[in-house]
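Worksheet for the structure shown next.
Read-outs: derived from the displayed coordinates by stated rules, not from any lab. If you're wondering where the values come from, they're calculated on a predicted model, not measured in any experiment. Neighbour counts run over all protein chains shown; Cβ positions are idealised from the backbone, glycine included.
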Amino acid sequence: MGILEEKISSLGGETVGHWSTEGYEHSASKAEKDGKFVGLALDEDNQSELTDERIESWTKQLKSEFGL
């Protein structure tokens, strides 16, 4: 996710949908920038019970960011 965001940004794209790292257990991630993930991170191995809630919240966030 971080590698893709870096490439898009280098081509002039604007990143939307930053997501809090709170509640995730990780030591380092290329997807983390300025204390947030550059998109929705899903951890199906360790936190699959949170996936549906995270997708629903992130979708609402994106709609707001796009003014929908």
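Table for the structure above
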quantity	calculated
Karplus (6.51, -1.76, 1.60) ³J(HN,Hα), θ = phi - 60°, over region 4-17, in Hz, Gly and Pro reported as x	5, 4, 4, 5, 4, 5, 5, 9, x, x, 9, 7, 10, x
Built amide H within the under 5 Å cut-off of Thr21, gap 5+	Phe37
Ellipsoid semi-axes in whole angstrom, largest first, where each is sqrt(5λ) of the Cα gyration tensor of the chain	20, 17, 9
In the chain, the GluC sites (Glu not before Pro) that fall in loop regions by DSSP, at most 16 other Cβ within 10 Å	Glu14, Glu22, Glu25, Glu44
DSSP-assigned coil residues among chymotrypsin sites (Phe, Trp or Tyr not before Pro) in the chain, each with at most 14 further Cβ atoms within 10 Å	Phe66
Pairwise label distance in nanometres, Glu14 with Asp43, each label 7 Å out on the Cα-Cβ vector	3.1 nm
